[in-house]
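The values are calculated or read from the model by the stated rules, or taken from the named source; none is laboratory data. None of these values were measured; they are calculated from a predicted model. All Cβ positions, glycine included, derive from the backbone under ideal geometry; neighbour counts span all protein chains shown. All accessible areas refer to the heavy atoms of the entire protein, side chains included, with ligands and DNA or RNA removed. Shrake-Rupley method; radii C 1.70, N 1.55, O 1.52, S 1.80 Å.
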Amino acid sequence: MKRLLTFGAALIALALPAAGFADDLKLTIGYQTVVEPSKVPQAAGTYEAATGATIDWRKFDSGADVIAAIASGALDIGYVGSSPLAAAASRELPIETIYIVGLIGESEALVARDGSGVASVADLVGKKVAVPFVSTTHYSLLAALRHEGVDPAKVEILNLRPPEIAAAWERGDIDAAYIWDPALGQIRESGEVILDSAQVAEWGAPTFDAWIVRKDFAEAHPDAVRGFVKVTGDTYASFLANPAAWNASSDQAREIARLTGAKVEDVPTLLKGYVFPPLADQASDAYLGGATVTAIAATSEFLKEQGRIEAALGDYSAYVSADYVIDAAKVN
């Protein structure tokens, strides 16, 4: 593990100093099994050093579950997709978006079972399609149906979490599923990709993943939040500077596979399924400085049209903050 420890130590050296951290600070973070770079500092203990906190890492199967935990006060920081984020903001939960992880592309896809007779979105009529409700894949599925002129009421859309999708697929209970890894990799072995989120984005319905924080925690512990953002940004910078180093034989790939359940040989390809914006761009108009608010509003309007939320807000700017990425970018 020498290379991983060296990488973790380098990030610790770059992170914010511990001065100003509260004594005995406890931080609870909800993560998902998405293949992305921040799993490496999570494994190395880098976040603990940068935040000055004892971290309780909790794994979740969907963004909806993360939002429920944040709403109950069980989580301080969480990893969610744009659809559950929009739903949470529309419910006026006390959260802020603090880091855009990445724009989702090939890492989320609609897969049809071999022999199902599904070769296009139009073929989903009368079929059983599984997806975690209020997730980014749920949003992408509904957007794809709308683009192709398919009435969602004519498709049997089932609300299943990723592990449940993999199990239902094995039993032959479903015809198709729109999901992410590791479930995506499992069902692709006996199915074919019909559509991915890169295509749906081109159709006008982009999705993204983000880190969010409870506002009360951020107000009480801003140094810890900045430390978290700094480590996240440095990790993405390391990946973007040399993606080839994160190959299947690297310690980075092994740790990502261990925390996500993905096959280590698939990690390099899965990392290519996202567009990861660097820390220097996070506060720009393309992300937290403007476009994120617009994207949350557009997603919320779509969810309202689909009957997934009761109402959309007139302004979502209170649920996005560029302050932490701006401060973190100033630290060398």
Item checked: Two-site FRET efficiency, Ala248 against Glu156, from Cβ-Cβ distance with R₀ of 41 Å, rounded to 0.05 -> 0.60
Checklist line | 5 angstrom amide H check on Gly191, placed H, neighbours 5+ away | finding: Asp114
Notebook entry, point to check: Which value, in Å² rounded to 10, gives the accessible area of Lys330 with a 1.4 Å probe and all protein chains present?
Noted result: 140
Margin query: Taking θ = phi - 60°, what integer Hz values does the Karplus form 6.51 cos²θ - 1.76 cosθ + 1.60 yield along the stretch 236-253, in sequence order, with x for Gly and Pro?
Written below: 5, 4, 4, 5, 5, 6, 7, x, 5, 6, 8, 7, 5, 9, 7, 5, 4, 5
Check: Rounded to the nearest whole Å³, what is the per residue volume of the convex hull around the Cα atoms of the chain?
Finding: 121
Item checked: About the Cα centre, charge dipole magnitude for the chain (Lys/Arg +1, Asp/Glu -1 at Cβ), debye -> 480
Checklist line | Interchain or long-range residues, amide H under 5 Å from Ile157's placed H | finding: Val129
Checklist line | Nearest 10 degrees, 0 to 90: helix 291-305 Cα axis against the chain principal axis | finding: 30
Check: Asp196's amide H: which non-local residues (gap 5+, or another chain) put their own amide H closer than 5 Å, with H modeled 1.01 Å from N in plane and none for Pro or chain starts?
Finding: Leu110
Checklist line | Assigned charges on the beta-carbon of Lys, Arg, Asp, Glu; the stretch 165-282 dipole about Cα centre (debye) | finding: 320
Next item on the list: Just grab the label-to-label distance for Asp24 and Arg58, each label 7 Å out from Cα along the Cβ direction, in nm (one decimal).
Entry: 2.1
Checklist line | Nearest-ten-degree value, helix 136-147 long axis tilted from longest Cα axis of the chain | finding: 40
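Using only C-alpha positions, report the orientation-averaged shadow area of the convex hull of the stretch 44-119, nm², one decimal. Display every interim value, and only then the final one.
Working: hull surface 31.6 nm².
If I average the Cα hull's projected area over directions, I get 7.9 nm².
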Notebook entry, point to check: Once you mark the GluC sites (Glu not before Pro) that are in a DSSP loop and have at most 11 other Cβ atoms within 10 Å, what is the longest gap between them in the chain?
Noted result: 190-309
Next item on the list: For the stretch 63-154, with all protein chains present and a 1.4 Å probe, just round the carbon and sulfur fraction of the accessible area to a whole percent.
Entry: 48
Margin query: Quick check for me: using +1 on Lys/Arg Cβ and -1 on Asp/Glu Cβ, what's the dipole size of the stretch 216-332 about its Cα centre, in debye to the nearest 20?
Written below: 420
Note to self: What Kirkwood Rh does the stretch 87-221 have if only Cα atoms enter the pairwise 1/r average? Answer in Å.
What the structure shows: 15.7
Margin query: Net charge around Asp56, counting only other residues with Cβ within less than 10 Å of its Cβ (Lys, Arg = +1; Asp, Glu = -1)?
Written below: +1
